[in-house]
Amino acid sequence: MWIGLEVSGSWQGVAQTLNEHGFDSVLWLGLVQLLPFILINIILIRLFLLYRRGSFFAIENIQCFKWLGGVLLAQFALVVCYPSLLITLLNLATGSDIGRVVAIQDTDIIGLVMGLIIYVIGWIMGQAQQLQKEQELVI
């Protein structure tokens, strides 16, 4: 049995390039790749705890949906921008000439679309809550 962290997905090519030039890809890429997943799990745990308490359309739920969508959108931006930025900074700091690679896989695009959909769901829930508050004020 093996337990560990490895770089996968669209950053796998960048990880191989970094390893070939003597850099630790898990340190430079793997830990950064792990951060959005940790945030997503924290947000989902909070959302499920709110559901467990019986809170379904509260402001906290709406915020969870918006944060979840925002993290997924930020993850896409991270996948696109971070490897090129990292390699540029490493080239400047060490004087090496590592080639820049930008790779986007279909799973990254699916994450982008899911992020947009989840964010829109949160926005719609917010609009519905505002309408409900306005309706409660009408006699």
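Working only within the range 90-127, note down all residues that are surrounded by fewer than 12 Cβ atoms within 10 Å (Cβ to Cβ) and over 22 Å from the mean Cα position of the chain (by Cα).
The answer is LEU92, ALA93, GLY95, ASP97, GLY99, GLN127.
Of the conditions (1) in contact with an Asp or Glu (Cβ under 9 Å, 6 or more places away or on another chain); (2) among the polar types (S, T, N, Q); (3) at pLDDT 95 or above, ASN91 satisfies every one except a single condition; which number is it?
Checking ASN91 against (1) in contact with an Asp or Glu (Cβ under 9 Å, 6 or more places away or on another chain); (2) among the polar types (S, T, N, Q); (3) at pLDDT 95 or above, the one that fails is (3).
Is there a residue in the range 27-36 that is modelled with pLDDT of 90 or more and on the phi < 0 side of the Ramachandran plot?
Initially, the range 27-36 is screened for residues modelled with pLDDT of 90 or more, giving 35-36.
Subsequent filtering for residues that are on the phi < 0 side of the Ramachandran plot retains 35-36.
Taking every residue of the range 27-36 in turn, at least one turns out to be modelled with pLDDT of 90 or more and on the phi < 0 side of the Ramachandran plot.
Cβ-Cβ distance below 7 Å, separation of 6 or more or different chains: which pairs start in the range 107-126 with a residue that is closer than 21 Å to SER10 by Cβ and without any contact (Cβ under 8 Å) to a residue 40 or more places away in the chain and end on one that is buried (at least 18 other Cβ atoms within 10 Å of the Cβ) and of a type in the set (D, E, K, R)?
Sorted first by the residue in the range 107-126, then by its partner, the list stays empty.
Would you confirm, using the coordinates I've provided, whether VAL138 is under 24 Å from the mean Cα position of the chain (by Cα), of a type in the set (Val, Ile, Thr) and more than 20 Å from LEU27 (Cα to Cα)?
For VAL138, the condition - under 24 Å from the mean Cα position of the chain (by Cα), of a type in the set (Val, Ile, Thr) and more than 20 Å from LEU27 (Cα to Cα) - is not met.
Take TRP67 and tell me if it is buried (at least 16 other Cβ atoms within 10 Å of the Cβ), among the aromatic types (Phe, Trp, Tyr) and closer than 26 Å to LEU90 by Cα.
No; evaluated as a whole, the condition is false for this residue.
Does ILE121 satisfy being within 22 Å of PHE37 (Cβ to Cβ), among the β-branched types (Val, Ile, Thr) and out of contact with any Phe, Trp or Tyr (no Cβ under 9 Å at 6 or more places or on another chain)?
No; evaluated as a whole, the condition is false for this residue.
For the range 48-56, state whether one or more residues are more than 14 Å from the chain's Cα centre (by Cα), on the phi > 0 side of the Ramachandran plot and surrounded by fewer than 16 Cβ atoms within 10 Å (Cβ to Cβ).
Within the range 48-56, one or more residues are more than 14 Å from the chain's Cα centre (by Cα), on the phi > 0 side of the Ramachandran plot and surrounded by fewer than 16 Cβ atoms within 10 Å (Cβ to Cβ).
Is it the case that the range 70-83 has a residue that's without any contact (Cβ under 8 Å) to a residue 12 or more places away in the chain, in a helix (DSSP H, G or I) and surrounded by fewer than 17 Cβ atoms within 10 Å (Cβ to Cβ)?
For the range 70-83, residues without any contact (Cβ under 8 Å) to a residue 12 or more places away in the chain, in a helix (DSSP H, G or I) and surrounded by fewer than 17 Cβ atoms within 10 Å (Cβ to Cβ): present.
The values are calculated or read from the model by the stated rules, or taken from the named source; none is laboratory data. Remember, predicted model here, so these are calculated numbers, not experimental data. Every residue, glycine as well, gets a Cβ built from its backbone with ideal geometry; the counts of neighbours run over all protein chains shown.
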